[in-house]
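See structure below.
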Amino acid sequence: MKQPSRNLLKTVDLPTMVYDGKTIDKLKRFKVGKFIGGGSFGSVHYGTDAKTNKTVAVKFESTKIEQRTLALEYNFYKKFPFYSRLTPQALALIEVNADHTALVMEVLGPSLNKIHQICERRFSTACTTAITIQLLNIFEFVHNCGILHRDIKPENFVLGLPETDEWKRI
């Protein structure tokens with residue numbers, strides 16, 4: 001996947017950053033760039049980790065919404081063993097300002113819903129079987145970690161980045 005142009009990126013002044021439970025003041029580690037998508041939860045943007053120069057995803061949530069979920073999502077990802085490739089790697093949970101919280105995580109590829117649209121809403125039997133096996137493995141893994149996922153839908157399952165070894169992994 002193509003990385004966003006550097007001129008689209010701007011530095012976000014982060015007054016407080018929570019990284020694995022430790023608070024670090026005035027950290028300017030991430031640059032936020034092009035909008036990826038959004039919904040009732042907030043918005044997701046491409047970003048760059050200034051420390052590693054890798055592309056990341058930055059998910060923003062308003063602190064004004066009734067059901068805030070980013071902290072739960074961050075803890076959800078951190079609960080899994082580090083070696084797990086069944087969940088994205090969460091890098092940081094950030095209190096950007098009084099109005100927004102951000103979750104910084106590894107950037108992933110398109111959702112199953114997007115792939116289904118690209119394939120004109122038709123998957124072959126072999127593709128459907130491969131997807132089903134991967135999803136059952138994911139559900140079993142998550143359940144064995146003591147977590148019940150309550151929002152199972154194609155938009156919430158993504159593949160790895162195109163042109164990588166993870167491309168066919170959900």
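Just so you know, all these numbers are worked out from the coordinates, no wet-lab data involved. For clarity, every value in this text was computed on a predicted model and none was experimentally measured. Neighbour counts are summed over all protein chains in view; Cβ atoms, including those assigned to glycine, are modelled from backbone coordinates with ideal geometry.
Annotations for the structure displayed:
- Three principal axis extents describe the C-alpha atoms of the range 70-170; from largest down they are 47, 29, 26 Å.
- Each of T52 and T128 was given a label point 7 Å from its Cα along the Cα-to-Cβ line. The distance between the two points is 3.8 nm.
- Across the range 150-167, the residues whose backbone nitrogen lies under 16 Å from the label position 7 Å along the beta-carbon direction of H116 are 151-159.
- Restriction of the chymotrypsin sites (Phe, Trp or Tyr not before Pro) in the range 74-170 to DSSP coil positions whose beta-carbon has at most 13 other beta-carbons within 10 angstrom yields F82, Y83, W167.
- In a DSSP loop and with at most 10 other Cβ atoms within 10 Å, the GluC sites (Glu not before Pro) in the range 68-158 are E120.
- Sparse-neighbourhood loop sites, trypsin sites (Lys or Arg not before Pro) in the range 61-154 - DSSP loop, at most 16 other Cβ within 10 angstrom: K64, R68, R85, R121, R122, R150
- Shown is the FRET efficiency for K64 and E155, computed with R0 = 22 Å from the Cβ-Cβ distance and rounded to the nearest 0.05: 0.40.
- Cα coordinate range in the range 69-122, projected on the principal axes (Å, largest first): 43, 31, 16
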